[in-house]
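Below is one structure, written out as structure tokens; the observations come after it.
Nothing in this text is a laboratory measurement; each read-out follows from the coordinates by a stated rule. Keep in mind that what you see is a predicted model, and the values were worked out from it rather than measured. For neighbour counting, all protein chains shown are included, and Cβ atoms are generated from backbone atoms with ideal geometry for every residue, glycine included.
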Amino acid sequence: MECELYTPRHMRVPITLLAICLFATACGPKTMQARLRDAEKLADKASEALDRAEKAANELEPKDMERALEDAKEYLTAKDSELYPEAQMNMDRYKEIAAKAPAVKAAREKKELDLRLNKARDRIVPRVQAMLESQDALVPTAPTKSKCEDLEERSKALKDAVNDDLDLFVKDADFATWARSQLKKADGGLDAAKSARRGLAFLDGPVNAWKEALAQYKDARKVKDPEDKEKQLGEVRSRFSSCMKDGRAFENDKATKDLAFAMPEGKPQTPTMLVATCEKALKSGEKEWKAVQTAAAKAKIAKNKPPKKKKK
């Protein structure tokens, strides 16, 4: 049985017909007033998105700017958005801000590049100073192992610091020029350490042999036994010979040939001067050496001579 609605006029209307009428009214086309209200809301959202895009542009945040522009475009192109009186003004503003996007992106990239360049310089400059200080502390004519190692270590640290940012060479020409000059300094430090090690080899080899020969000669002169004296003088002469022979290897070495090195005693000497000194020592001791050899030979004969037989 169909339900009926009671009215003051006692008119009976089917309730299903009333529902259809209400539904049709609700789903009908929007009125112009409603469409204008929607357009205003879209315009407000678009304006807010454009404000965000403008703020991101000023702060050099291209990604945030891009997202905000996408939101603004969505609102500006939505249905009925053109009904808002200032719709064209918002669209013009959108186009103006969007046109700045490439410049904002470029400015951001430059800012990030400048930050990287400054960090690279801050990392490199102290290493340059440390290396130069180490290089100044290493005296070519009186090198030591520890100072050679220190200069090598600091020169390598400088090269590593520059090489960590090789990609910046192609991004900034001024930095590339400056960084290459720092690499040359590092190479100069390594070359200086290498030359100093040759000087150190000269001091540890020929010069040390000469030093030991001088010390042993002083001791040998105090020995009374001819055979012991011969043995010690033989060692002295061997060291003078080593000094002369090994020293010749440094006479033509470009790292050492022109340097007058600090000696254990006396004036500084170049490799050529030291070779001459050791050769002179050998020649000047020749007479004494022969005399000692003769005395030692006589002593040996005397020791090996059978004892005289006692007369019965």
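Quick one: compute the contact order of segment 30-99, relative version, from alpha carbon pairs under 8 angstrom and 6+ residues apart, as a percent.
This gives 40 percent for segment 30-99.
Find the all-direction average of the projected area of the Cα convex hull for segment 214-312, expressing the result in square nanometres with one decimal place.
Across all orientations, segment 214-312 yields a mean hull projection of 7.7 nm².
Can you report the principal axis dimensions of segment 153-247 using only the alpha carbons, biggest first, rounded to whole angstrom?
Reported extents, whole Å, longest axis first: 80, 19, 14.
7 Å from Cα along Cα→Cβ at both L183 and L113: what's the point-to-point distance in nm?
For L183 paired with L113, the spin-label model returns 1.9 nm.
Please list, in chain and number order, the residues 5+ apart from F261 or on another chain whose amide H is under 5 Å from its amide H, with Hs placed from the backbone.
Q269, T270
Say each of N252 and E86 gets a label point 7 Å from the Cα, pointing the same way as Cα to Cβ; how far apart are those two points in nm?
A separation of 9.2 nm, rounded to one decimal place.
Rg to Rh ratio, segment 52-172, alpha-carbon atoms and Kirkwood radius?
Ratio value, two decimals: 1.42.
Quick one: if you stick a label point 7 Å off each Cα along the C-beta vector at K100 and N163, how many nm between them?
About 4.5 nm separates the two model spin labels.
Taking 8 Å as the Cα distance limit and 6 or more residues as the minimum spacing, I'd like the relative contact order of the chain as a percentage.
11
How far is helix 32-58 tilted, in degrees, relative to the longest principal axis of the Cα atoms in the chain, given as a value from 0 to 90 rounded to the nearest 10?
10
Can you compute the FRET efficiency between V139 and E59 using 1/(1 + (r/R0)^6), with r the Cβ-Cβ distance and R0 = 45 Å? Round to the nearest 0.05.
Computed FRET efficiency for V139 and E59 comes out at 0.20.
Give the separation of the Cα centroids, segment 158-199 to segment 101-121, in Å.
24
May I have the extent of the alpha carbons of segment 30-99 along their three principal axes, as whole Å values ordered from largest to smallest?
Principal-axis extents of the Cα atoms in segment 30-99, largest first: 43, 16, 14 Å.
Return one number: the angle in degrees, 0 to 90 and rounded to the nearest 10, between the long axis of the Cα atoms of helix 145-163 and the longest principal axis of the Cα atoms of the chain.
Taking Cα atoms only, the helix is inclined about 20 degrees.
Straight-line reach from K41: which lysines have a Cα under 21 Å away, not including same-chain ones fewer than 8 places off?
In chain and number order, the partners are K30, K73, K79, K95.
For a label point 7 Å from the Cα of M32 along Cα→C-beta, name the residues of segment 76-94 whose backbone N is under 16 Å from it.
80-85
Looking at this model, which pairs from K245/K298; K224/K245; K222/K283 are more than 25 angstrom apart at the alpha-carbon?
Over 25 Å Cα-Cα: K245/K298; K224/K245.
Helix 15-26 against the longest principal axis of the chain: what's the angle in degrees, Cα atoms only, rounded to the nearest 10?
So the inclination is approximately 50 degrees.
Over the chain, what number does the Rg to Rh ratio reach, with both radii from the alpha-carbon atoms and Rh per Kirkwood?
1.65
Over the Cα atoms of segment 244-302, Rg to Rh with Kirkwood Rh, two decimal places?
1.24
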